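Enquirer: So that we are looking at the same thing, I have put the structure below in structure tokens.
The values are calculated or read from the model by the stated rules, or taken from the named source; none is laboratory data. Keep in mind it's a predicted model, so treat the numbers as computed, not measured. Cβ placement follows ideal geometry from the backbone for every residue including glycine, while neighbour counts extend to all protein chains displayed. To get the accessible areas, we keep the full protein, side chains included, count just its heavy atoms, and leave off ligands, DNA and RNA. Shrake-Rupley method; radii C 1.70, N 1.55, O 1.52, S 1.80 Å.
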Amino acid sequence: MSIDTISQPSRHNHERQLASNDWQHGQVALLCVDKWQETHDVFSYRFQGVEPVKFQFKPGQFLTFSMDIDGNKTYRSYTISSSPSRPYSIVVTVKCIEGGRVSNYLAESFNVGGIINASGPDGVFNLVDIKADKYLFLSAGSGITPMFSMSLWLTDTQVGADIAFLNCAKSPEDMIFRTELDTIRFNHSAFNLSYILESGAERLPQGLSCGEGRINAELLARLVEDYKDRTIFVCGPEPFMQGVESLLESLNFDMSRYHYESFGTESSGHDKTVITEVENAATGFMLRIGEHSRAMGQDETLLEGIEAEGLSIIAACRAGVCGACKCKVVEGETESSSEMTLTLDEIAQGYVLACSTKLTSDVLLQL
């Protein structure tokens with residue numbers, strides 16, 4: 001089709017794409033141009049830049065949304081479920097959580113035409129930083145989102161990419177991206193798709209590889225016979241992650257080829273009970289940030305102390321995954337349960353994740 005025969009809306013979109021600037025990292029204002037329901041509790045949102053942008057990111061990375069909800073500034077991180085091989089829009093897919101402030105706000109109140117601010121992309125769980133020849137994507141629940149982005153990228157950009165994709169779900173009605181994955185399977189002979197369902201496997205079409213129950217050694221070996229020859233990428237709820245890691249270790253899998261991203265559970269939005277001053281005083285540790293000082297309880301994280309002082313910090317996942325709450329310990333000692341997304345150089349300089357770090361002495365912190 002020549003440019004002269006493009007319809008007016010198509011001409012506008014074509015000109016918009018030609019005018020797009022590359023977006024690689026930083027803040028960006030996003031306009032929602034489409035919203036659809038994947039399952040009964042999962043929604044996808046397609047965005048374009050308020051100002052025309054061409055999105056560049058690594059398949060598997062995430063964005064951090066910044067929203068004002070009921071007068072409160074709120075941050076949440078969501079994996080990009082689209083592929084950088086289709087750069088003129090970006091898609092995130094969100095599962096509604098019971099009591100979840102952000103996921104339910106997006107499902108119930110955020111619609112086409114809405115604008116949201118985002119930062120990123122971030123995340124080391126991606127196909128650029130992790131090299132492989134043969135892939136096994138293992139996912140459960142909304143942990144399927146980075147795997148879907150990776151699959152789109154590989155099948156868009158590599159002829160014959162050798163992918164085994166094994167998704168675990170509660171039932172056929174809970175299978176996210178079911179139609180899209182089936183289309184990839186139909187169009188790419190080296191894409192081996194299979195499912196493990198807790199129930200309802202008999203309702204899947206004949207010819208689709210599947211098992212019923214929970215992932216175990218027998219099902220893994222039957223559905224992906226050569227799993228030991230593959231680089232494994234895993235994402236899902238924490239119990240699923242722990243189960244898969246234990247399973248692979250028991251099977252003597254080479255864990256240097258095991259890579260994972262865990263999804264923290266979204267909080268309900270209710271504030272945690274503030275620890276009492278009496279309890280705080282028992283620890284004897286003080287947190288200092290500029291002119292602010294605060295006695296810390298033994299179970300309090302740096303993040304809780306920062307927020308209690310009313311200081312601004314982005315805390316998206318609150319589970320040591322996204323890296324948004326990175327800050328620097330200038331003086332003092334701490335202990336951390338997660339250092340995901342931190343480089344060895346950053347750790348050496350004293351950087352920690354506030355949501356996953358507690359004091360073991362008085363600390364001077366730099367935000």
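Enquirer: Where the accessible area of the chain is counted over protein heavy atoms with a 1.4 Å probe, how much of it, in %, is carbon and sulfur?
Expert: Of all accessible area on the chain, carbon and sulfur atoms account for 47 percent.
Enquirer: Under a 5 Å amide H to amide H cut-off, with H placed in plane at 1.01 Å, what residues pair with Tyr351 once short-range neighbours are removed?
Expert: Here Val329 satisfy the definition.
Enquirer: Would you mind checking Lys54/Lys326; Lys58/Lys328; Lys58/Lys170; Lys131/Lys228 for any pair whose Cα atoms are more than 18 angstrom apart?
Expert: Pairs exceeding the cut-off: Lys54/Lys326; Lys58/Lys328; Lys58/Lys170.
Enquirer: I'd like the Karplus ³J(HN,Hα) series for the range 302-309: coefficients 6.51, -1.76, 1.60, θ = phi - 60°, whole numbers in Hz, and an x wherever there's a Gly or Pro.
Expert: These are the phi-based 3J(HN,Hα) values: 3, 4, 5, x, 4, 5, 5, 7 Hz.
Enquirer: Oh, and also: In nanometres, what is the gap between the two model label sites at Glu51 and Lys131, each 7 Å from Cα along Cα-to-Cβ?
Expert: Reported label-point gap for Glu51 and Lys131 is 3.7 nm.
Enquirer: Right, next: Per DSSP H run of at least 4 residues, take -39500 (n - 2.57); add these up for the chain, divide by its residues and hand me the 222 nm value, nearest 500 deg cm²/dmol.
Expert: Calculated at 222 nm, the ellipticity per residue is -6500 deg cm²/dmol.
Enquirer: A follow-up question, please. Give a residue-ordered list of calculated ³J(HN,Hα) values for the range 146-154 (Karplus: 6.51 cos²θ - 1.76 cosθ + 1.60, θ = phi - 60°; whole Hz; x for Gly, Pro).
Expert: For the range 146-154, the Karplus-derived couplings read x, 5, 5, 4, 4, 5, 4, 4, 5 Hz, x marking Gly and Pro.
Enquirer: Could you derive backbone 3J(HN,Hα) for the range 107-121 from the dihedral phi with the Karplus parameters 6.51, -1.76 and 1.60 (θ = phi - 60°), listing whole Hz in sequence and x where the residue is Gly or Pro?
Expert: Per-residue couplings from phi come out as 5, 8, 10, 9, 9, 3, x, x, 10, 9, 8, 9, 9, x, x Hz.
Enquirer: Here is a follow-up. Would you mind getting the accessible area per residue of the chain, heavy atoms of the protein chains only, 1.4 Å probe, in Å²?
Expert: Normalised by residue count, the accessible surface of the chain is 49 Å².
Enquirer: Ok, one more. For the chain, what number results from the quotient of the Cα radius of gyration and 2.2 N^0.38 Å?
Expert: 1.07
Enquirer: Give the calculated FRET efficiency between Asn21 and Glu180 to the nearest 0.05, with a Förster radius of 41 Å applied to their Cβ-Cβ distance.
Expert: 0.90
Enquirer: Hey, what angle do you get for helix 8-18 against the long axis of the chain, alpha-carbon based, 0 to 90 degrees rounded to 10?
Expert: With rounding to tens, the tilt is 60 degrees.
Enquirer: What's the FRET efficiency of Glu238 with Gln298 using the Cβ-Cβ distance as r and R₀ = 30 Å, to the nearest 0.05?
Expert: The pair Glu238/Gln298 has a calculated efficiency of 0.80.
Enquirer: Still on this structure, please answer the following. Given the C-alpha atoms of the range 59-115, compute the convex hull and give its volume per residue in Å³.
Expert: 90 Å³
Enquirer: Angle, helix 178-187 long axis vs. longest principal axis of the chain, Cα atoms, 0 to 90°, nearest 10?
Expert: 50 degrees
Enquirer: Let me ask something else about it. Please give, to one decimal in nm, the separation of the simple spin-label points placed at Leu31 and Ser209, each 7 Å out from Cα toward the Cβ.
Expert: Distance between label points: 4.4 nm.
Enquirer: In addition: So what's the angle, to the nearest 10 degrees on a 0 to 90 scale, between helix 238-250 and the longest Cα principal axis of the chain?
Expert: 70 degrees
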